[in-house]
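Following: one structure in structure tokens, then a few remarks.
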Amino acid sequence: YAGVFFDQSLLLVDITWILLTFLIITFHSTFLRFILEFKLKQQIRKQFEKYLDPRQVAILVKNPEKLKLGGERKEMSFLFMDIVGFTPISEYYKNNDDPEGLVNVINDYLNRMSKIVLKNGGTIDKYMGDCIMAFWNAPLDVERQRYWAIQTAHEMLSHLETLNKELINENSLPIKIGIGLNTGDVVVGNMGSNQRFDYSCLGDAVNLAARLEGQSKGYGVEIVLGEETQKDMEEEFAMVELDKIAVKGKKEAVSIYTTLGKYDDVNKTMNWVMPYNQHEKFLNFYRAQNWILALKWANDLRNEFNGVLSGYYDIMIKRIEELQKDKLPKNWDGVYVAKSK
């Protein structure tokens, strides 16, 4: 170009500085972009490496656009898991002057349960003492989120059996847990203050999952599911309806269920169809206030389902005996109003 300017206009133009300036600006812009992308990836890795499976973190780091920060509305599945009867365990280690032993047991328990959540594509939201809150379908979409939430609950119970055998061999008290599962629309994203924030979620579906975990003890089962989580999962897992309940703080009633395991496995290990039909009749008698037949069916069912639901029927028998003394309206809809969380 310098030769053209000289031949046509007798102008001698030195474009070296122009090219040099262009190269410096291009290099500087590329370098800044690289730094920004590096900081973004480091921020994503730092924020999620403790809550997500490493494979999911790698996907987010490689594709940051999959992460929508600031909050979005999504359907998600939630799991709350807590130790039932933690006080006796705490007192056991206190009486043995071994507080470190309690910490070690709880940390081991939380570590094992957390690995199951992460392996199955879940996100660990937080630890609240001995309680774990986890969810599926954020920050990455999870196909069959209901399935993986329920599957995680069953794997937790299976691994707990192994842990309890170890604790019994060490002359320690075994651990019992209660699990609540629910599915629904919530808002998920970074929440908190300008100084400190976490990736979490807000919504009625979250609160209900926590309430259902608290009801596991009240129904004598280890897993309680909301109707939205149970929906479309009957072919995958053996489901049994427990009750219609208005949890504390809510007026609206929901149907709650428990799951006995994978449907095919349950069919192989227990007589499933007949007691399932009998259980449906029991609920119909109960809701129709036919207390005599409801008590009869509940007593007959105590040893069915391999005895897994015997605690549930004992609780329902006691409730029916109390309801017999009350004057319920004839149009009673069978909804039990929970008195505790």
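The values are calculated or read from the model by the stated rules, or taken from the named source; none is laboratory data. The model shown is predicted, which means the values in this text are computed figures rather than measured ones. Cβ placement follows ideal geometry from the backbone for every residue including glycine, while neighbour counts extend to all protein chains displayed. Areas reflect the complete protein model, heavy atoms only, side chains present, ligands, DNA and RNA absent. Shrake-Rupley method; radii C 1.70, N 1.55, O 1.52, S 1.80 Å.
For VAL188, the conditions (1) open to solvent by 30 Å² or more (accessible area, probe 1.4 Å); (2) in contact with a Cys (Cβ under 8 Å, 6 or more places away or on another chain) all hold with the exception of (1). Filtered by the rule that a residue be within 16 Å of the chain's Cα centre (by Cα) and over 16 Å from LEU283 (Cβ atoms), the stretch 234-265 gives a lone residue, THR259. Taking the stretch 106-158 as the range and being open to solvent by less than 40 Å² (accessible area, probe 1.4 Å), polar (S, T, N, Q) and either in contact with a helix residue (DSSP H, G or I) (Cβ under 7 Å, 6 or more places away or on another chain) or more than 23 Å from GLU228 (Cα to Cα) (or both) as the test, the residues that pass are SER114, ASN120, ASN137, THR152.
Tallying residues that are open to solvent by 10 Å² or more (accessible area, probe 1.4 Å) and of a type outside the set (Val, Ile, Thr) within the stretch 161-181 yields 11. When GLU322 is tested against (1) modelled with pLDDT under 95; (2) assigned to a helix (DSSP H, G or I); (3) under 30 Å from ASP204 (Cα atoms), only condition (3) is not met. Is at least one residue of the stretch 280-288 in contact (Cβ under 8 Å) with a residue 40 or more places away in the chain, touching a strand residue (DSSP E or B) at 6+ places or on another chain (Cβ under 9 Å), of a type outside the set (A, V, I, L, M, F, W, C) and open to solvent by less than 70 Å² (accessible area, probe 1.4 Å)? Scanning the stretch 280-288 turns up at least one residue that is in contact (Cβ under 8 Å) with a residue 40 or more places away in the chain, touching a strand residue (DSSP E or B) at 6+ places or on another chain (Cβ under 9 Å), of a type outside the set (A, V, I, L, M, F, W, C) and open to solvent by less than 70 Å² (accessible area, probe 1.4 Å).
The number of residues in the stretch 89-101 being closer than 20 Å to LEU157 by Cα and either among the polar types (S, T, N, Q) or open to solvent by 30 Å² or more (accessible area, probe 1.4 Å) (or both) comes to 0.
Among residues of the stretch 251-265 being more than 17 Å from GLN151 (Cα to Cα), open to solvent by less than 50 Å² (accessible area, probe 1.4 Å) and of a type outside the set (S, T, N, Q), the one that is modelled with the lowest pLDDT is ALA253. Any residue at all in the stretch 114-123 that's of a type in the set (Val, Ile, Thr) and over 16 Å from the mean Cα position of the chain (by Cα)? Within the stretch 114-123, none of the residues are of a type in the set (Val, Ile, Thr) and over 16 Å from the mean Cα position of the chain (by Cα). Is it true that PHE237 is touching a His at 6+ places or on another chain (Cβ under 9 Å) and at pLDDT 95 or above? Here the answer is yes, as PHE237 does meet what is asked. Among the candidates LYS268, LYS231, LYS248, the residue that is closer than 25 Å to ASN137 by Cβ and modelled with pLDDT under 95 is uniquely LYS231.
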